[in-house]
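**Student:** This structure is in structure tokens; I'll ask about it shortly.
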Amino acid sequence: VKESGRNGFRFFKGEMNAEALRWLALETRLRRAIERDELSLHYQPQVSRLDGQVVGMEALLRWRSDEIGSVSPADFIPLAEDTGLIHPIGEWVIRQACFQNKAWQNAGLGPVRVAVNVSASQFKAGSVAQVVRTALQDSGLEARWLEVELTESVMLGDSAAAEAQMAELRAMGVSLSLDDFGTGYSSLGYLSRFPLDKLKIDQTFVRNIATEQRSAAIAQATIALAQGLSLAVVAEGVETVGQRDFLGSLGCDVLQGYLYGRPVPAFEMAQLLAKGRVI
Ligand code: C2E
Ligand code: CA
Ligand code: CA
Ligand code: CA
């Protein structure tokens, strides 16, 4: 099966094989996932290195199908993007994160900013700012408690529409974070053109930071770049004390990763918020 962008999948003669059938079956099930209440968000803390305080969190989508069990977002997000299902699913994610964060605030927890992942295809469709605006209104959450994570691919190609939506989100008071920094294909020029608040150092660089000179150099350069541009910087995928200390020595003070906590369901995150800190 061959991916063919927004037109879904194209099948070549004789290629209607097991893999293609598996994807079709997955699509049918994903189509019903929202109405069947099979989607949920898990939340992973972003932590201040210095005092262990929870300063934010990332919402990560989970799908538990009654028929086929748990499916990783790495598997179903690309399918959702290719079939257009990312639009209803992405809207659900944004609304769910806003309502959950407001519910925590109403319960006296936090306040913290929650980051949601938004795909390039959602930006291309042009509806992100409107979906966010409505979700904020309906939930009553203030815009400053919401962050949108986007990837470099949003800013590729004919990006005027994406730029306009980013500006609109910024004007509302939503912050914008550039995910997986350094793994995409864009040039650095977009850092001055697009309104960003934060860079996230990708976990591929963090993984080898203490053992591999190249990863350390990229992390160091990213942190310097962020500081020079007055952007915040977060490192993701922090698993070890060695990585934490190395990032600290480079001046990166907000960290996210298994060292501090895995993504957990909302009720577990509430317990963490009640404590206020992870260490
Ligand atoms: P991402 O946005 O880069 O999210 C970080 C991924 O790294 C998450 O995987 C998270 O669980 C995992 N992670 C966090 N800390 C650690 C660590 O210390 N070590 C390691 N090895 N991994 C860590 P997850 O939850 O499986 O999500 C995978 C990807 O799926 C995300 O990558 C994101 O691109 C996408 N995704 C997840 N939720 C959504 C969503 O609501 N909308 C969209 N469009 N994409 C989503
Ligand atoms: Ca992310
Ligand atoms: Ca990431
Ligand atoms: Ca990633």
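The values are calculated or read from the model by the stated rules, or taken from the named source; none is laboratory data. Since we're looking at a predicted model, the values are computed, not measured. All Cβ positions, even for glycine, are placed from backbone atoms using ideal geometry, and neighbour counts span all protein chains on display. These area figures cover heavy atoms from the full protein model, side chains too; ligands, DNA and RNA do not enter into them. Shrake-Rupley method; radii C 1.70, N 1.55, O 1.52, S 1.80 Å.
**Student:** With the dipole of the chain worked out from charges on the C-beta (+1 for Lys and Arg, -1 for Asp and Glu) around the Cα centre, which of G237, V128, L225 lies farthest toward the positive end?
**Tutor:** The listed residue farthest towards the positive side: V128.
**Student:** Which net charge results when you count Lys and Arg as +1 and Asp and Glu as -1 among the other residues whose beta-carbon is under 11 Å from that of V54? If you can, show how the numbers build up before the last one.
**Tutor:** On the way: positive: R113, K275, R277; negative: D51.
Once positives and negatives cancel, what remains is +2.
**Student:** Would you grab the residues whose amide H sits under 5 Å from the one on V264? Only those 5+ places off in sequence or on another chain, please, with H modelled 1.01 Å from N.
**Tutor:** Close amide H contacts, sequence-distant or interchain: Y43, Q44.
**Student:** With both partners inside the range 78-223, how many of the DSSP beta bridges are antiparallel, as a percent to the nearest 5? Don't jump to the answer; show the numbers that get you there.
**Tutor:** Values: 0 of 11 bridges.
So the antiparallel bridges in the range 78-223 amount to around 0 percent.
**Student:** Could you derive backbone 3J(HN,Hα) for the range 149-156 from the dihedral phi with the Karplus parameters 6.51, -1.76 and 1.60 (θ = phi - 60°), listing whole Hz in sequence and x where the residue is Gly or Pro?
**Tutor:** 9, 10, 10, 4, 4, 4, 9, 7
**Student:** Taking a cut-off of 20 Å between Cα atoms, list the aspartates and glutamates near K124, but don't count ones fewer than 8 places away on the same chain.
**Tutor:** E3, E81, D82, E91, E147, E149, E152, D158, E163, E168, D179, D180
**Student:** Also, quick follow-up: May I ask you to evaluate 6.51 cos²θ - 1.76 cosθ + 1.60, the Karplus curve with θ = phi - 60°, for each residue of the range 164-170 and list the ³J(HN,Hα) values in order in whole Hz, giving x for glycine and proline?
**Tutor:** For the range 164-170, the Karplus curve yields 5, 5, 5, 4, 5, 4, 4 Hz.
**Student:** Can you give me the accessible area per residue for the range 107-206, using a 1.4 Å probe, in Å²?
**Tutor:** Working: 3940 Å² over 100 residues.
That works out to 39 Å² for each residue.
**Student:** Need one word for the chain: rounded, prolate or oblate. Basis is the Cα gyration tensor (sqrt eigenvalues a ≥ b ≥ c); a/c below 1.5 gives rounded, then a/b vs b/c decides. Show your work: numbers first, answer last.
**Tutor:** On the way: a/c = 1.43, a/b = 1.27, b/c = 1.13.
Rounded is the answer for the chain, as its axis ratio a/c remains below 1.5.
**Student:** Quick one: net charge around E152, please, counting Lys, Arg +1 and Asp, Glu -1 for every other residue with C-beta under 13 Å from its C-beta.
**Tutor:** On the way: positive: R193, K200; negative: E149, D179, D180, D202.
Neighbour charge sum, excluding E152 itself: -2.
**Student:** For S65, enumerate residues with amide H under 5 Å from its amide H, sequence gap 5+ or separate chain, H modeled in the peptide plane.
**Tutor:** It is S70, V71, by chain and number.
**Student:** I would also like to ask the following. Give me the percent of DSSP beta bridges within the chain that run antiparallel, rounded to the nearest 5. Write down the numbers at each step before the final one.
**Tutor:** Details: 19 of 39 bridges.
So the antiparallel bridges in the chain amount to around 50 percent.
**Student:** Classify the range 212-279 as rounded, prolate or oblate from the Cα gyration tensor: take a ≥ b ≥ c as the square roots of its eigenvalues, call it rounded if a/c is under 1.5, otherwise prolate when a/b beats b/c and oblate if not.
**Tutor:** On the way: a/c = 2.73, a/b = 1.87, b/c = 1.46.
Because a/c hits 1.5 or more and a/b exceeds b/c, the range 212-279 counts as prolate.
**Student:** If you average the alpha carbon positions of the range 198-255 and of the range 76-126, how far apart do those two centres end up, in angstrom?
**Tutor:** A separation of 26 Å, based on Cα centres.
**Student:** Additional query: So how do 185-195, 76-86 stack up, highest first, on mean other-Cβ count within 10 Å? Provide the component values of the computation, followed by the final result.
**Tutor:** On the way: 185-195: 12.7, 76-86: 19.0.
Output ranking for 185-195, 76-86: 76-86, 185-195.
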